[in-house]
Amino acid sequence: MKQQHSSKYTIHKWAVIILVLMFIAGGSGWYVYKRYLAGDKWKPLLQVKLKELVLKSTDSLYHIEYADFDLNLASGDAMLSDFKLVPDTAVYNHLVTEHKAPDNLFKLSVKKLTIKNIGAKKAYKDKVLVIDNITIDKPDLTIINKRYSFNDTVKIGKPKTPYQIIKNIFKQLRIDSISLKDISLNYINKNQPVTRQTAIKHLDINISRILVDSLSALDSTRFYYTKGVEVILHDYKMFTPDSMYRAGLKQIYFSTAKREIVLDGVDFTPRYNHTNFYKKLGTSADIFTLKFKKIAITGIDLQRFLRDQKLYAVTMDVINANIGIFSNSNYKGKKSIKIGKDPHQALQRVALDMKLDKLNLSHSTIIYSELDATTQQTGIITFNNTTGHFFNVTNDPDIKKNRPLMTAHINTRFMNAGPLQVNFRFNLNARDGAFNYSGTLGKFDGRILDKLVEPLAMVHVKSADVERLTFYVNANNYGGKGHLEFYYKNLNVELLKKVEGQRQLQTQGFISKVANALIIDNDNPDNKGNFRPGPINLKREPTTSFFSFLYKGLLDGLKPSVGFTKKTEGTVNKVVNKVSSLINKFNKFKADRKQRKLERQARRDSITNLKKNQ
């Protein structure tokens, strides 16, 4: 209730500010034409009239100042320089004591205001003010926000409409366009012990076809008395609240007529390298690097957004995204818990209630990399030329009651080698974060998997002709169960090991031969037509991230598909232990024989030296 009131009051005050600037233009033209004074004699009279107008329309809370005002009666053009809208702090403090003060106080300065073609004659005779264009250069607006409890409980009355403000002077106000160029906006929040400020610069606003009369408020085709408002913000930069990331946008474009918002050149990057990031954060976490060429939200329900502060839109298009995700399983400090932080669960914690009918992802690249604690190397999975469609993207409780599932259909190039189709179904109401994923991976050269399995599984793929892989997994925050079918030929692997002091992984030649002979099946199905399925039953560690859990679930099914079951693993371990024991005995025999040889040689040298001395 409090937020809704504050939002409406802010909108009302914005309308007052714009109307003040319009009254300066129209009121001056009307007044000058009425009095038809020559030379500079009209300026003092005009100044008095305008100040009275502003004081009256703002209940004495604001007054205006300006350096100069020029009006050409023949052309109807006017120019105002160094304009200021100044709040009276004494009046404001009195309103506070009377429990009538608004939550927002405004300070406005304008470098130059230019008006084109004021219809002064029509304004005087017909009380209809028509203006072609108003251009406002470099407006600087400061909003001081201090929420008062009495605004939640005390009924302060319905604010005046723009028509009620102007009706004693004009029957109708029409302006073809208003352009506000290079706006600076400073928002000061005084609701906490420490005052916080947010600044926005390089903002442009274009307002078209304004109409204020007794009926325009009822025109459903208009947005606050206009046919359209365009907002353009250039080169916006900010830090996240935890100061770990830097966000930037080349341009934000918003149009009420088109009901869309477009973000160009979106950049979300960590402020520190991987090592310093974890030092600053003090815990493990995935590190994200996000870049988007364009994000467009269309079909926005503006009335719902203004009335209920809910973002309802038809589509969101994400074009040419580059998404990087880095995970560090080698982090030695405090591990962050990932339970409840999967993508569909994070969506539910977004402060703004929202619903997107469809989210489209196109021509994008996703790279997941993980630093392994054992190998000290980084494994990489890439998804190239990714296109996807997400449906029912929402955190609105009313929507989730009837439509609890968010679905996604994704097409991509796995490791830029094989076609991959994946389908997701997320239960937005499930407390355990339930979801499932299924898909099909097409034909590719399995040697490309080295980028993933060498660092993370210590396996080198010498050869593998992958024909097809299909999978289906039911999962949640605590584990996943499902099955996998892996069709391949000519599989040959080499097992690796980490040797202390060596940066590169070392081959295990003999054990690799044993594994290929006794465990790894070269083909699936084999030459007799027997097919080995891959059951998946994986417990999820609380510190495992969403993307890491996805690939580990598939890896759990791949092992039995290639013959690496607990039974065959045990068989190989027995063989390896026996052979290792024989090798150790042989090596010990060689070492003992060498030691005996050295001892005999030492005795002979001692006898020889003794004879020489005698």
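The values are calculated or read from the model by the stated rules, or taken from the named source; none is laboratory data. Here the structure is a predicted model, which is why all the values come from computation and not from measurement. Glycine gets a Cβ as well: all are built from the backbone with ideal geometry, and neighbour counts include every protein chain shown. With ligands, DNA and RNA removed, areas are computed over all heavy atoms of the protein, side chains included. Shrake-Rupley method; radii C 1.70, N 1.55, O 1.52, S 1.80 Å.
Output the qualifying pairs, or none if there are none: Cβ atoms under 8 angstrom, residues six or more apart or on different chains, first residue in the range 130-149 and under 20 Å from residue 102 (Cβ atoms) and hydroxyl-bearing (Ser, Thr, Tyr), second residue open to solvent by less than 30 Å² (accessible area, probe 1.4 Å) and in a strand (DSSP E or B).
142/106; 142/108; 142/188
Could you tell me which of the residues 351, 373 is surrounded by fewer than 15 Cβ atoms within 10 Å (Cβ to Cβ), aliphatic (A, V, I, L, M) and without any contact (Cβ under 8 Å) to a residue 12 or more places away in the chain? First the steps, then the outcome.
Values: 373 fails: without any contact (Cβ under 8 Å) to a residue 12 or more places away in the chain.
Sole residue among the options that is surrounded by fewer than 15 Cβ atoms within 10 Å (Cβ to Cβ), aliphatic (A, V, I, L, M) and without any contact (Cβ under 8 Å) to a residue 12 or more places away in the chain: 351.
Which of the following residues is among the charged types (D, E, K, R), in contact with a Lys or Arg (Cβ under 9 Å, 6 or more places away or on another chain) and modelled with pLDDT of 90 or more: 396, 357, 353? Write out each step before concluding.
Working: 357 fails: in contact with a Lys or Arg (Cβ under 9 Å, 6 or more places away or on another chain); 353 fails: modelled with pLDDT of 90 or more.
Of the residues listed, the single one that is among the charged types (D, E, K, R), in contact with a Lys or Arg (Cβ under 9 Å, 6 or more places away or on another chain) and modelled with pLDDT of 90 or more is 396.
Report, by residue number, each residue of the range 100-129 that is within 17 Å of residue 213 (Cα to Cα), touching a residue at least 24 places away in the same chain (Cβ under 8 Å) and touching a strand residue (DSSP E or B) at 6+ places or on another chain (Cβ under 7 Å).
Step one: list which residues in the range 100-129 are within 17 Å of residue 213 (Cα to Cα), which gives 119, 122-129.
From what's left, touching a residue at least 24 places away in the same chain (Cβ under 8 Å): 119, 123-124, 126-129.
Residues satisfying the conditions are 119, 123, 128, 129.
If residue 322 satisfies every condition in (1) farther than 24 Å from residue 356 by Cβ; (2) open to solvent by 50 Å² or more (accessible area, probe 1.4 Å) but one, which is the exception?
(1) is the only condition that residue 322 fails.
What residue, of 169, 118, 144, 175, is more than 28 Å from residue 198 (Cα to Cα), at pLDDT 85 or above and either of a type in the set (A, V, I, L, M) or open to solvent by less than 30 Å² (accessible area, probe 1.4 Å) (or both)? Walk me through how you get there before you give the answer.
Numbers: 169 fails: at pLDDT 85 or above; 118 fails: at pLDDT 85 or above; 144 fails: more than 28 Å from residue 198 (Cα to Cα).
Within the list 169, 118, 144, 175, the selection yields 175.
Going by what's in this entry, would residue 507 be described as polar (S, T, N, Q), open to solvent by 70 Å² or more (accessible area, probe 1.4 Å) and modelled with pLDDT under 80? Give the steps one after another, and end with the answer.
Values: polar (S, T, N, Q): yes; open to solvent by 70 Å² or more (accessible area, probe 1.4 Å): yes; modelled with pLDDT under 80: yes.
Yes, satisfied.
Taking the range 254-292 as the search range and keeping residues that are touching a Pro at 6+ places or on another chain (Cβ under 8 Å) and of a type in the set (Phe, Trp, Tyr), which one is farthest from residue 313 (Cα to Cα)? Let's see the steps before the verdict.
Start the filter on the range 254-292 by keeping residues that are touching a Pro at 6+ places or on another chain (Cβ under 8 Å), which leaves 277, 287-289.
Now drop any that are not of a type in the set (Phe, Trp, Tyr), which leaves 277, 288.
Details: 277: 35, 288: 26 Å.
Among those that are touching a Pro at 6+ places or on another chain (Cβ under 8 Å) and of a type in the set (Phe, Trp, Tyr), it is 277.
Name, by its number, the condition in (1) modelled with pLDDT of 90 or more; (2) polar (S, T, N, Q); (3) open to solvent by less than 40 Å² (accessible area, probe 1.4 Å); (4) closer than 24 Å to residue 379 by Cα that does not hold for residue 524.
Unmet for residue 524, out of (1) modelled with pLDDT of 90 or more; (2) polar (S, T, N, Q); (3) open to solvent by less than 40 Å² (accessible area, probe 1.4 Å); (4) closer than 24 Å to residue 379 by Cα: (4).
Specify the residue that is surrounded by the most Cβ atoms within 10 Å (Cβ to Cβ); the eligible residues are those in the range 529-559 that are among the polar types (S, T, N, Q) and over 26 Å from the mean Cα position of the chain (by Cα). Step through it out loud before you land on a result.
So in the range 529-559, the residues among the polar types (S, T, N, Q) come out as 530, 537, 543-545, 548.
When the remaining residues are screened for being over 26 Å from the mean Cα position of the chain (by Cα), the result is 530, 537.
On the way: 530: 10, 537: 12.
In this case the residue turns out to be 537.
For residue 253, all conditions in the list (1) aromatic (Phe, Trp, Tyr); (2) farther than 30 Å from residue 456 by Cα; (3) at pLDDT 90 or above; (4) not in a strand (DSSP E or B) hold save one; what is the number of the exception?
Every condition holds for residue 253 apart from (4).
With (1) open to solvent by 30 Å² or more (accessible area, probe 1.4 Å); (2) over 30 Å from residue 207 (Cβ atoms); (3) within 16 Å of the chain's Cα centre (by Cα); (4) of a type in the set (Val, Ile, Thr) as the list, and residue 275 as the residue in question, which single condition is left unmet?
Unmet for residue 275, out of (1) open to solvent by 30 Å² or more (accessible area, probe 1.4 Å); (2) over 30 Å from residue 207 (Cβ atoms); (3) within 16 Å of the chain's Cα centre (by Cα); (4) of a type in the set (Val, Ile, Thr): (3).
Might you let me know whether the range 455-466 holds any residue that is under 18 Å from residue 548 (Cα atoms), surrounded by 15 or more Cβ atoms within 10 Å (Cβ to Cβ) and touching a Gly at 6+ places or on another chain (Cβ under 6 Å)?
Yes, the range 455-466 contains a residue that is under 18 Å from residue 548 (Cα atoms), surrounded by 15 or more Cβ atoms within 10 Å (Cβ to Cβ) and touching a Gly at 6+ places or on another chain (Cβ under 6 Å).
Filter the range 299-310 down to the residues that are modelled with pLDDT of 90 or more and open to solvent by less than 40 Å² (accessible area, probe 1.4 Å) and list them by number. Steps first, please.
Filtering the range 299-310 down to residues modelled with pLDDT of 90 or more leaves 299-301.
Once the filter is applied, which keeps residues that are modelled with pLDDT of 90 or more and open to solvent by less than 40 Å² (accessible area, probe 1.4 Å), the range 299-310 yields 299, 300.
Go through the residues of the range 262-270 one by one and say whether even a single one is farther than 21 Å from residue 380 by Cα and either basic (Lys, Arg) or open to solvent by 70 Å² or more (accessible area, probe 1.4 Å) (or both). Outline the logic, then answer.
Step one: filter the range 262-270 for residues farther than 21 Å from residue 380 by Cα, giving 262-267.
Subset that is either basic (Lys, Arg) or open to solvent by 70 Å² or more (accessible area, probe 1.4 Å) (or both): none.
Among the residues of the range 262-270, not one is farther than 21 Å from residue 380 by Cα and either basic (Lys, Arg) or open to solvent by 70 Å² or more (accessible area, probe 1.4 Å) (or both), which makes the answer no.
If I filter the range 188-208 down to residues being closer than 26 Å to residue 172 by Cα and touching a Ser or Thr at 6+ places or on another chain (Cβ under 7 Å), which single residue comes out as least open to solvent (accessible area, probe 1.4 Å)?
Residues of the range 188-208 closer than 26 Å to residue 172 by Cα: 205-208.
Of the ones still in play, those that are also touching a Ser or Thr at 6+ places or on another chain (Cβ under 7 Å) are 206-208.
Working: 206: 54, 207: 14, 208: 43 Å².
Once the filter is applied, the top-ranked residue is 207.
Only helices (runs of 4 or more DSSP H) wholly contained in the range 272-357 count here; list those with 3 or more residues that are over 27 Å from residue 379 (Cα atoms).
Values: elements: 274-281, 302-308, 343-348.
By residue number, 302-308.
For residue 447, are the conditions met, namely being closer than 18 Å to residue 560 by Cα and open to solvent by 50 Å² or more (accessible area, probe 1.4 Å)?
Values: closer than 18 Å to residue 560 by Cα: no; open to solvent by 50 Å² or more (accessible area, probe 1.4 Å): yes.
Considered against the rule, which asks whether it is closer than 18 Å to residue 560 by Cα and open to solvent by 50 Å² or more (accessible area, probe 1.4 Å), residue 447 comes out as no.
Taking the condition closer than 15 Å to residue 64 by Cα, without any contact (Cβ under 8 Å) to a residue 24 or more places away in the chain and open to solvent by 10 Å² or more (accessible area, probe 1.4 Å), does residue 97 pass? I'd like the intermediate steps shown before the answer.
Details: closer than 15 Å to residue 64 by Cα: no; without any contact (Cβ under 8 Å) to a residue 24 or more places away in the chain: yes; open to solvent by 10 Å² or more (accessible area, probe 1.4 Å): yes.
No: the conditions fail for residue 97.
Determine which member of the set 305, 292, 326 is in contact with a His (Cβ under 8 Å, 6 or more places away or on another chain) and of a type in the set (Phe, Trp, Tyr). First the steps, then the outcome.
Working: 305 fails: in contact with a His (Cβ under 8 Å, 6 or more places away or on another chain); 292 fails: in contact with a His (Cβ under 8 Å, 6 or more places away or on another chain).
Matching residue, one of 305, 292, 326: 326.
Would you pick out the residues in the range 74-94 that are touching a residue at least 40 places away in the same chain (Cβ under 8 Å) and surrounded by 15 or more Cβ atoms within 10 Å (Cβ to Cβ)? Before the answer, list the steps.
Just the residues of the range 74-94 that are touching a residue at least 40 places away in the same chain (Cβ under 8 Å), to begin with: 75-78, 80, 83, 85.
Correct list: 76, 77, 78, 80, 83, 85.
Residue pairs, Cβ under 6 Å, 6 or more apart or interchain, first in the range 421-449 and touching a residue at least 40 places away in the same chain (Cβ under 8 Å) and within 14 Å of residue 391 (Cα to Cα), second open to solvent by less than 30 Å² (accessible area, probe 1.4 Å) and assigned to a strand (DSSP E or B). List them.
Hits for this filter: 426/406; 426/435; 428/406.
Would you confirm, using the coordinates I've provided, whether residue 570 is at pLDDT 75 or above and assigned to a helix (DSSP H, G or I)?
On the way: at pLDDT 75 or above: no; assigned to a helix (DSSP H, G or I): yes.
The answer is no for residue 570.
Name every residue in the range 331-342 that is crowded, with 16+ Cβ neighbours inside 10 Å and either under 23 Å from residue 249 (Cα atoms) or free of Cβ contacts under 8 Å to residues at least 60 places away in the same chain (or both), in order of residue number.
331 - this is the single residue of the range 331-342 that is crowded, with 16+ Cβ neighbours inside 10 Å and either under 23 Å from residue 249 (Cα atoms) or free of Cβ contacts under 8 Å to residues at least 60 places away in the same chain (or both).
In the list 215, 211, 185, which residue meets the criterion of being open to solvent by 60 Å² or more (accessible area, probe 1.4 Å), among the hydrophobic types (A, V, I, L, M, F, W, C) and farther than 19 Å from residue 114 by Cα?
Only one candidate passes the filter, namely 215.
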